[in-house]
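The values are calculated or read from the model by the stated rules, or taken from the named source; none is laboratory data. Since the structure is predicted, the reported quantities are computational estimates derived from the model, not experimental observations. All Cβ positions, even for glycine, are placed from backbone atoms using ideal geometry, and neighbour counts span all protein chains on display. Each accessible area value is taken on the protein alone, full model and side chains, heavy atoms only, with ligands, DNA and RNA left out. Shrake-Rupley method; radii C 1.70, N 1.55, O 1.52, S 1.80 Å.
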Amino acid sequence: MQVNKVAVVGSGTMGSSIAVALISRGYPTILKDVDDKTVQSGLNNIDRLLKSRVDKGLSAKEAEAQRALILPSTDYATFADVDFVIEAVPEIIELKKKVFEDLDEWCNVDAIFGSNTSSLSITQIGAFTRRPDKVVGLHFFNPAHLMKLVEVIPGLETSHDTVNSAIELGISLGKLAVRVEECASFLVNRLLGRYINESLWCLQEGVGSVEEIDKAACDYVMPIGPLALRDMNGSDVGLAVARFNFQEYGDRFLPASILEEMVKLNLLGQKTKEGFYKYDENTRKRIGTNSRLAEILVRLGGIRDGAPPFDVERLFLPMINEAFLVLQEKVCDVQDLDPAMMAGLGMRRGPLALASEIGLAECLRKIEALNQIYGERFRPAPLLKRYVWANRTSVL
Ligand SMILES: NC(=O)c1ccc[n+]([C@@H]2O[C@H](COP(=O)([O-])OP(=O)(O)OC[C@H]3O[C@@H](n4cnc5c(N)ncnc54)[C@H](O)[C@@H]3O)[C@@H](O)[C@H]2O)c1
């Protein structure tokens, strides 16, 4: 499908950076929000992002030409000739319902609707329209103009043509566009959730300190430690995601209670200047770990009997195990899994490469040993067992 004009609905954090991704590839882009003030705030953000591109070498003339491709709007009157809409309004199902009903009224019958939802069902969103075959998940990562991954998620009724058009659009934006079957948190955030939660358990049980855990993860394969990442996104957002995953997947996603404690004490991370780390009032730069954690850790428990000393593999084995569950459920192609994790999270090697490196039989042995101590969080994935029984040394 030829995409000549795109509309982004919602000009907040994601909408404005998605718009920058679009205009940098030459797409005329409507940017719609609820009123002039919110549209203006989106435009200000776009100007800021373009300026940082100019600082890095984009010519002022080119930046101006890109900026001219933005068509600000507070209604749907200009949506009639739009080929592709990307919805990025807050994660509230009633709000999305109204937006998709309105889009269905105002847009051409052939227009495709992509939703940037992180957790809501694409099938449910599609059912708000009379064109569920033309509704697809288009899950960008923050900041969308820089992050290289977009997950393309078909709902139950989404057509092949719609999926292909979404993948083509993602590729035309210079992204790795990976098809992911609909499941809670989709692919990357599902695997990320297992790893972050395990880092919180390690901290809560006194197995590793904030610095030890983050340093070990960075030395291994990550661009940022799990606790620094939690601080960056906000522990309140992290808690909502952790609870959602627990509700959808059950005990293997049991959230470590330290997160709830942090939220109760308003230790949300960078936005409150205090989380696992402390941050400078003005610059938001990290200025050391948070001494208030010590008291929380004492209250929460201490080392469990028989717990092995901290080992970075403990953080990644749940992610590896979840990767095998994802493959078992055919959520994505095996070849896409590591590249998606690398593009979405900046990992230097993906979980399947790590599994081969550790050795599949060794992974299973370690997961089984941790299963004896920690229960469900380490129940081995049946597919991992099958690979080991078949004497395979690699999944790829
Ligand atoms: N923030 C992230 O890191 C991230 C990452 C991936 C996906 N997402 C998803 O992207 C979506 C948007 O998240 P965000 O962080 O950009 O939210 P945000 O709150 O920063 O922005 C949402 C914008 O939508 C606007 N809006 C509300 N109702 C509207 C309507 N009827 N028409 C037009 N605009 C409307 C709001 O005024 C606001 O400007 C959510 O579904 C979220 O789950 C967020």
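The phi torsions of the stretch 179-192, fed into the Karplus equation with coefficients 6.51, -1.76 and 1.60 and a -60° offset, translate into couplings of 6, 10, 6, 5, 7, 4, 6, 6, 8, 5, 5, 5, 6, 4 Hz, rounded to whole numbers, with Gly and Pro shown as x.
For a straight C-alpha distance cut-off of 20 angstrom, the lysines reachable from residue 273 (same-chain residues fewer than eight places away being disregarded) are 264, 285. When only Cα pairs below 8 angstrom with a gap of at least 6 residues are kept, the chain shows a relative contact order of 12 percent. Sort the stretch 203-324 into rounded, prolate or oblate with this rule: let a ≥ b ≥ c be the square roots of the eigenvalues of the Cα gyration tensor; rounded if a/c is under 1.5, and if a/c is not under 1.5, prolate when a/b is larger than b/c, oblate otherwise. Because its axes are fairly even, with a/c under 1.5, the stretch 203-324 counts as rounded. Ligands, DNA and RNA left out, the accessible area of the chain computed with a 1.4 Å probe is 53% carbon and sulfur.
Residues in the chain average 44 Å² of solvent-accessible surface per residue, probe 1.4 Å, ligands and nucleic acids excluded.
Each peptide among 42-53, 141-152 gets the average number of other Cβ atoms lying within 10 Å of its residues, and from highest to lowest they stand as 141-152, 42-53. Under 23 Å of direct C-alpha separation, and excluding same-chain neighbours fewer than eight residues apart, residue 148 reaches these lysines: 5, 51, 56, 175, 330.
Checking the Cα-Cα distances for 32/134; 134/385; 61/271 against a 27 Å cut-off, the pairs over it are 134/385; 61/271. When peptides 257-263, 183-189 are ranked by their average number of other Cβ atoms within 10 Å per residue, the highest-first order is 183-189, 257-263.
Highest-first packing order for the peptide set 71-78, 275-282 is 275-282, 71-78, based on the mean count of other beta carbon atoms within 10 Å. Spin-label model, residue 47 to residue 372: label points 7 Å out along the Cα-to-beta-carbon direction sit 6.4 nm apart.
The stretch between residue 236 and residue 361 holds 41.2 nm of extra length on full extension. This uses 0.36 nm per residue minus the Cα-Cα distance. Between residue 329 and residue 246, the modelled label-to-label distance comes to 1.8 nm, taking each label 7 Å out from Cα in the direction of the beta carbon.
Note on residue 37/residue 285: beta-carbon distance plugged into 1/(1 + (r/R0)^6) with R0 of 35 Å gives a FRET efficiency of 0.70.
Solvent-accessible surface of protein heavy atoms, probed at 1.4 angstrom with all chains present, puts 139, 160 in the order 160, 139, largest first.
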